[in-house]
Amino acid sequence: MKILVTGGMGFIGSAVVRLAIARGHEVVNLDALTYAACEANVSGVADAPGYAFVHADIRDRAALDRTFAAHRPDAVMHLAAESHVDRSIDGPGAFIETNVTGTYNTLEAARAFWVGQGRPEEFRFHHVSTDEVFGSLPRDPDVKFTEATPYDPRSPYAASKASSDHLVRAWHETYGLPVVLSNCSNNYGSYHFPEKLIPVMILNALAGKDLPIYGDGSNIRDWLFVEDHADALLTVLTRGKTGQSYNIGGENERTNLELVRTLCAILDKKRPKNGGSYADQITFVADRPGHDARYAIDPARIREELGWRPSVTVEEGLARTVQWYLDNETWWRPLLDRAGVGERLGTTS
Ligand code: NAD
């Protein structure tokens, strides 16, 4: 299958590109190369015969049309987005332009191509979204997000992704475009841009800096290993039911404080510091405005309909992630100089 992946130079998109090539698919990686992109993420597959890169912006409809005409994909996996909640608080405009208008452009370019091809039933437009569209859960382990949970986005990022989900569903209902959607929990793993919680904590710990935890650290996330997620996404793309959404979770709920303590314990073993534990560097800082208390995925649909489950526990995945950052300083070191990295963003003050 030839898959047009948008955002394939980012964290999750590049994991999808690497896995799709490994599984024998052809991949056209379309990416605008924003601050969050890193070409090294796909260096291992860039010379593969089935790989092509298109430097283009999803806000540019003409560039999308040219890409569809030149590459004639069988499917689209749409991951290009502005993805950092804190940045969405400081500058929501870019999130509306890329996540809403850019998704609209991508849908329209896909629809025009699909109509021109005679509306093939097997064509797929897979929209990759987040569980943050569902809002915040109470701390009751029996209550989780299902695919029927009403939308209740609370950050500009989540609202922009909720908007794009609605557009994708509308293009299916109105125009018949064969779409699938997925809403996943927080990802982690190798190639994670060093502005997100886990890489920030690993790199700050190694640098002897504070490990800043928002609020009291009691916010709960359901951690999904990015390589498991890429596998789930290809499962949804190839076997998901048209018009349907699938929630994808890691079955690994942890508070932020538990997560950071686990990271510190792994680092204490792998790179012991002179006296004390990395956990001594934990500090508590002002909370994120509107910080959702808990996200948790009910994975019943993807498990029962598609037979998919995550393969690692968060402890296994974190150990692999820490080792990857220890082994790949040449990847992360230059990224620390990019705009906004290492700064406290999204405080509204
Ligand atoms: P990322 O920020 O690491 O990568 C985004 C990629 O999209 C970058 O390579 C960037 O250059 C590209 N991009 C941004 N704007 C673009 C534009 N206008 N045109 C073309 N390319 C553009 O993001 P990620 O963490 O890999 O997330 C990928 C997708 O998964 C996003 O849609 C995000 O909303 C969704 N998602 C992420 C998570 C997570 O935990 N990271 C969780 C749920 C859903």
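Distant-in-sequence amide contacts of Leu30, defined by a placed amide H-H separation under 5 Å and a gap of 5 or more residues or a different chain, comprise Val5, Thr6, Gly7, Gly8, Val54.
Over 23 Å between C-alpha atoms is what I'm after, so list which of Lys2/Lys196; Lys161/Lys209; Lys209/Lys269; Lys161/Lys241; Lys2/Lys161; Lys2/Lys144 land there. With Cα atoms farther than 23 Å apart: Lys2/Lys196; Lys161/Lys209; Lys2/Lys161; Lys2/Lys144.
Could you check what % of the DSSP bridge pairs in the chain are antiparallel, to the nearest 5?
Numbers: 3 of 39 bridges.
So the antiparallel bridges in the chain amount to around 10 percent.
Less than 13 Å Cβ to Cβ from Gly93, Lys/Arg counted +1 and Asp/Glu -1: what total charge do the surrounding residues give? Write out the running numbers ahead of the final one.
Values: positive: Arg59, Arg87; negative: Glu82, Asp90, Glu97.
Local charge sum for Gly93: -1.
To the nearest 0.05, how large is the calculated FRET efficiency for Tyr35 and Lys209 if R₀ is 35 Å and r is the Cβ-Cβ distance? Plugging the Cβ-Cβ distance into 1/(1 + (r/R0)^6) gives 0.95. Within the shell defined by Cβ-Cβ distances under 11 Å, the residues around Asp222 carry a net charge of 0, with Lys and Arg each +1 and Asp and Glu each -1.
Sorted by packing (mean other beta-carbon atoms within 10 Å per residue), highest first, where do 23-34, 158-169, 316-327 land?
Put in order of decreasing packing, that is 158-169, 23-34, 316-327.
Close amide H partners of Val76, meaning residues 5 or more places away or on another chain with modelled amide H under 5 Å apart, are Leu4, Arg124, Phe125, His126. For the chain, averaging the sequence separation of C-alpha pairs within contact (under 8 Å, six or more residues apart) and dividing by the residue count gives a relative contact order of 18 percent.
Carbon and sulfur atoms: what percent of the 1.4 Å accessible area of the chain do they account for? Ligands and nucleic acids excluded, carbon and sulfur reach 49 percent. Distance from the alpha carbon centroid of the stretch 285-348 to that of the stretch 82-157 works out to 18 angstrom.
What value, in deg cm²/dmol to 500, does the helix sum -39500 (n - 2.57) over DSSP H runs of n ≥ 4 give at 222 nm once divided by the residues of the chain?
On the way: 12 runs with 131 residues, N = 349.
Helix-only estimate at 222 nm: -11500 deg cm²/dmol.
Packing-based ranking of 70-77, 246-253, 55-62, 11-18 yields 11-18, 246-253, 70-77, 55-62, ordered from highest to lowest mean Cβ neighbour count within 10 Å. According to the square roots a ≥ b ≥ c of the eigenvalues of the Cα gyration tensor, what is the shape class of the stretch 19-86, taking rounded for a/c under 1.5, prolate for a/b larger than b/c otherwise, and oblate for the remainder? It comes out oblate by the Cα gyration axes.
Order 227-234, 279-286 from most to least packed using the mean count of other Cβ atoms within 10 Å. Numbers along the way, then the final one.
On the way: 227-234: 22.8, 279-286: 13.9.
Sorting 227-234, 279-286 by mean packing, highest first, produces 227-234, 279-286.
Please work out the average accessible area per residue across the chain, using the 1.4 Å probe convention, and give it in Å².
Details: 14150 Å² over 349 residues.
That works out to 41 Å² per residue.
The values are calculated or read from the model by the stated rules, or taken from the named source; none is laboratory data. These numbers come from a predicted model, not from an experiment. We place every Cβ from the backbone using ideal geometry, glycine too, and count neighbours over all the protein chains shown. These area figures cover heavy atoms from the full protein model, side chains too; ligands, DNA and RNA do not enter into them. Shrake-Rupley method; radii C 1.70, N 1.55, O 1.52, S 1.80 Å.
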